[in-house]
Amino acid sequence: MNRITLSAISLAVTSMLSFSAHAQSSVTLYGIVDTGLAYVHNSDGHSSQWKMSSGNLSQSEWGLKGSEDLGGGLSAVFQLENGFDIGTGIAQQNSRLFGRQAFVGLASTQFGTLTFGRQYDPLSDLVQPITADQFSGFFASPGDVDNYDSSARFNNTAKWTSPSWGGVTLEAMYGFGGVAGATGSGQTWSVGAAYAQGPFSVAAGYLHIDNGNAQATTRGTTSADTLFNSPVNSAYASARAINIARIGGQYVIGPVTVGAAYSFTDYVADAASSFGTNEKYHNGSVFALWQVTSAFSAIAGYNYTKANGDSSAKYHQVNVGGDYLLSKRTDVYVMAGYQHASGSNGDGPAQAVIGSFDIPSGANSQIMAIVGMRHRF
């Protein structure tokens, strides 16, 4: 009887421990608050502007993320992330509650992660982190015409991310357009690959955005957020599709990280477009980041963008910045950028627009400088 009783107790305890292990879960509240004082020379036709600027090194955000262990190397995962302007408290991403990310899915140590919801594309996930955009949207292409700084996120998507296989990571995403009777209208799809080994990292990817079948719905009805946020590419909002190919790489040499990236972006015209020839953007960038001390880092970069096809604009941009850690979670920074534009942007003379800040200059040059503070929790 004692043996039977002990066996029963042992079985019950084992079952409870097994259930407890399988039911392990966690939820994390996190966020970033980033704001600064900005000076802009040439802003919307005026020679100078002083303003508060939110999200300069990192977008101000708060979020919830969590996982539940389902056993056998499988977990349920979710993430909800809100972006906001610290100066006004207004939600960003078109006033969405969880405009930055909102997804749920399954993560397997063997087969990778499959998630569903509003998400970043593979280029943002794999290529962006090894470019100067890791520091600030200052370094993005003018008006973020190639989604360098993730101006567009994607709704109604399914995304698969592989485990790391010998330093190689693969990713694929599909976004449903949701237009009845026109399956491809408004769809988005993207693929990417990255390789990291020691001090060297390289990544590349391709993104296709269908901007809406004009016969089935209005142009601009798509699973993607808009990329038409500045005079750089606003003339091409009626494009049938946007295709973006990007590659980037970086190398760490002691305290210095150097990197380069290139993108080709094609705004495709059709009979429903207000322009007749495809607009193409070639963007090349280089940067050097120096970790001067454990607390202080400095960065410099150059970005060149050339448009051809429907227009002939050229943009030269130089940026510098510095960041100092007051603690593990709080830092102060200074950033400055200068851009010169020439040629035509499709609506008229090209206007300078520094990075992804999308401030129209009303002129062929623009200077922007920001002093700010960031806190992470």
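Take the conditions farther than 30 Å from residue 35 by Cβ and in a strand (DSSP E or B) and apply them to residue 282. Does it pass? So residue 282 passes the test. Just a yes or no: is a residue in region 325-338 farther than 22 Å from residue 149 by Cβ, among the small types (Gly, Ala, Ser), modelled with pLDDT of 95 or more and surrounded by 17 or more Cβ atoms within 10 Å (Cβ to Cβ)? Among the residues of region 325-338, not one is farther than 22 Å from residue 149 by Cβ, among the small types (Gly, Ala, Ser), modelled with pLDDT of 95 or more and surrounded by 17 or more Cβ atoms within 10 Å (Cβ to Cβ), which makes the answer no.
The single residue among 214, 180, 203 that is out of contact with any Pro (no Cβ under 6 Å at 6 or more places or on another chain) and part of a strand (DSSP E or B) turns out to be 203. Taken together, the residues in region 27-44 that are out of contact with any Pro (no Cβ under 8 Å at 6 or more places or on another chain) and either among the acidic types (Asp, Glu) or modelled with pLDDT under 95 (or both) amount to 1.
Just to be sure, is residue 333 within 30 Å of residue 31 (Cβ to Cβ) and touching a residue at least 40 places away in the same chain (Cβ under 8 Å)? When the stated conditions are applied, residue 333 passes them. Scanning region 351-377 for residues that are surrounded by fewer than 22 Cβ atoms within 10 Å (Cβ to Cβ), over 23 Å from the mean Cα position of the chain (by Cα), of a type outside the set (Val, Ile, Thr) and assigned to a strand (DSSP E or B) yields a total of 1.
If only residues of region 299-321 that are small (Gly, Ala, Ser) and either touching a helix residue (DSSP H, G or I) at 6+ places or on another chain (Cβ under 9 Å) or surrounded by 15 or more Cβ atoms within 10 Å (Cβ to Cβ) (or both) are counted, the one that is nearest to residue 355 (Cα to Cα) is 301.
From the list 67, 15, 75, the one residue that fits, being part of a helix (DSSP H, G or I) and either over 27 Å from residue 339 (Cβ atoms) or modelled with pLDDT under 95 (or both), is 15.
Counting residues in region 235-245 that are of a type in the set (Phe, Trp, Tyr), out of contact with any Phe, Trp or Tyr (no Cβ under 6 Å at 6 or more places or on another chain) and either touching a residue at least 24 places away in the same chain (Cβ under 8 Å) or not in a strand (DSSP E or B) (or both) gives zero.
The values are calculated or read from the model by the stated rules, or taken from the named source; none is laboratory data. Just so it is clear, the model here is predicted, and its values are computed rather than measured. Heads up, the Cβs are rebuilt from the backbone with ideal geometry, glycines too, and the neighbour counts pull from every protein chain shown.
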